[in-house]
Amino acid sequence: MRLERKLNDDGGLLLTPLIDMIFLVVIFFMLNTTLSINPAIKVELPSAYTSQAVVEREVVVTLTASGELYVGAEAVVLERFAAELKKEMVRLGTDKMILQADETLVYRHLVEVMDLARLTGVESVSLVTDAKSIPE
């Protein structure tokens, strides 16, 4: 005797392709979104072809064209920079620093801040730039 088998088809919605598409859209927006580190501090960043978005929690140090120095959003004087940087590094639990400096800044000021950061214990310094398109 031969029995017919019934296929169990509920006719429901397939969620796997939907979830895959949602993940792809989220990844697309994460990769194509430019993140502003601190929009309250005006800095004209230099351009670079290899510019990347910042995605990690690191100590952000900003140098403006007029020579003002910021650790995070707090303005600091150069004499207190090492102490404030160390305090921020302990708070975030990192030894990495992101340095965004105005493109018209005197090179001496940039080197001085980077030198003090190294003495404070910063292991890695990343320079922030704007993305530049490759000429064809």
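The values are calculated or read from the model by the stated rules, or taken from the named source; none is laboratory data. As the structure is a computational prediction, the values presented were derived from the model and not from experiment. Because the Cβ atoms are built from the backbone with ideal geometry, glycine has one as well, and the counts that use them run over all protein chains shown.
Tabulated data
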{"read-out": "Qualifying residue in segment 77-84 (condition: among the aromatic types (Phe, Trp, Tyr), more than 14 Å from the chain's Cα centre (by Cα) and modelled with pLDDT of 80 or more)", "value": "yes"}
{"read-out": "Residue list for segment 86-114, filter: under 19 Å from residue 65 (Cα atoms) and assigned to a helix (DSSP H, G or I)", "value": "107, 108, 109, 110, 111, 112, 113, 114"}
{"read-out": "Residues of segment 1-27 classified as among the basic types (Lys, Arg) and either outside any loop (DSSP other than H, G, I, E, B) or modelled with pLDDT of 80 or more (or both), total", "value": "0"}
{"read-out": "Leading residue by the ranking (farthest from residue 100 (Cα to Cα)) among those in segment 60-74 that are in a strand (DSSP E or B) and touching a helix residue (DSSP H, G or I) at 6+ places or on another chain (Cβ under 9 Å)", "value": "74"}
